[in-house]
1. How much accessible surface area, in Å² rounded to 10, belongs to the heavy atoms of residue 184 with a 1.4 Å probe?
2. How do 70, 126 stack up against each other in accessible area, from largest to smallest, with a 1.4 angstrom probe?
3. How do 121, 179 stack up against each other in accessible area, from largest to smallest, with a 1.4 angstrom probe?
4. Please give the net charge around residue 129, taking every other residue with its beta carbon less than 12 angstrom from that of residue 129, where Lys and Arg add +1 and Asp and Glu add -1.
5. Would you work out what percent of the accessible area of the chain, with all protein chains in place, is carbon or sulfur (probe 1.4 Å)?
6. Pull out a ≥ b ≥ c, the square roots of the eigenvalues of the alpha-carbon gyration tensor of the stretch 134-233, then state rounded if a/c is under 1.5, prolate if not and a/b is larger than b/c, and oblate in the remaining case.
7. Taking the Kirkwood radius as the inverse of the mean 1/r across Cα pairs, report the Rg/Rh of the stretch 72-209.
8. Stretch residue 59-residue 249 to full length: gain in nm at 0.36 nm per residue minus the Cα-Cα span?
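The values are calculated or read from the model by the stated rules, or taken from the named source; none is laboratory data. The structure displayed is predicted, hence computed values, not measured ones. In this analysis, Cβ positions are derived from the backbone assuming ideal geometry, glycine residues included, and neighbour counts consider all displayed protein chains. Accessible surface areas use protein heavy atoms only, side chains included; no ligands, DNA or RNA. Shrake-Rupley method; radii C 1.70, N 1.55, O 1.52, S 1.80 Å.
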Amino acid sequence: IKNVKTQNIIYKTIKNLYVLIILILLLVTWVNAQNSILFIIIIFGAISIFSIKNLSTNFVAWFMLLRKNYFKLYDRIVIEDMEGDVIKITPFYFKLMERGEGLSSSSATGRTINVPNHILLSSPIYNYNNFIQINWKEVEYHITIDSDWKSTLTIVEEQINSYINNFYNSYNKKSLDKLERKLDTFDGNLNLKSYVLLEEDYIKVVGQFPVNYKNGTATVSSLNKSILTQLQNFHGIELTGEKVHVKLD
């Protein structure tokens with residue numbers, strides 16, 4: 001197996017099965033020794049260990065993780081302002097490969113974060129990968145009040161619809177049908193959403209679109225490159241900040 005992620009998942013599965021077998025064998029031993037002093041010592045030791053602060057809740061959260069109730073290995077999550085990909089899960093903590101912190105994109109920073117399991121029982125978790133692996137991003141452009149907002153909207157919609165067509169083509173029909181059925185559960189769809197909003201001294205044109213969570217920043221950057229080029233070269237459209245307007249009385 002050449003894929004590192006697949007190797008790690010298989011290794012973790014075998015390791016968990018090994019631990020389960022050991023626990024079952026220990027349980028059988030304890031049952032056989034229930035009338036002995038050893039059994040009493042073991043029970044007393046277990047109670048003492050679980051009385052340590054947060055240790056028992058760490059184990060509870062770990063068992064929930066084994067059932068994949070929160071997330072699984074290599075999911076991208078956000079918890080208490082920490083964002084990253086889950087690269088390790090243990091009975092006491094899980095490890096994140098940090099993303100985005102201090103960067104303009106969601107790229108990996110190269111740092112890892114060890115997070116105690118008990119935090120899962122008290123903090124909300126945002127999972128990018130758990131349900132549909134699709135997030136929504138948007139691009140927005142500010143134009144002057146007297147600019148041609150209709151042409152601006154047309155340019156934005158044409159470019160984003162071209163991207164969405166390519167996005168559709170990256171799925172086969174079966175996968176696309178499955179994805180759309182999931183979207184129906186919260187009245188979502190993969191269509192472009194565009195808005196024209198009037199601010200105090202400029203017009204804001206916004207386009208929203210679906211994107212795989214791994215490609216969010218790259219897709220926004222690509223759309224900006226193509227859309228900004230057309231807006232800057234179109235007569236009648238002026239982006240705010242391009243010129244200074246001075247009124248002479």
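1. 100
2. Numbers: 70 50, 126 140 Å².
Ranking 70, 126 by accessible area, largest first, yields 126, 70.
3. Reading off the accessible areas and sorting them downward yields 121, 179.
4. Numbers: positive: 68, 72, 76, 214; negative: 75, 85.
Cβ neighbours under 12 Å give a net charge of +2.
5. So the carbon and sulfur contribution to the accessible surface is 57 percent.
6. Verdict is prolate for the stretch 134-233.
7. Values: Rg = 19.4 Å, Rh = 18.1 Å.
Looking at the stretch 72-209, the ratio lands at 1.08.
8. Working it through step by step, the gained length comes to 61.0 nm.
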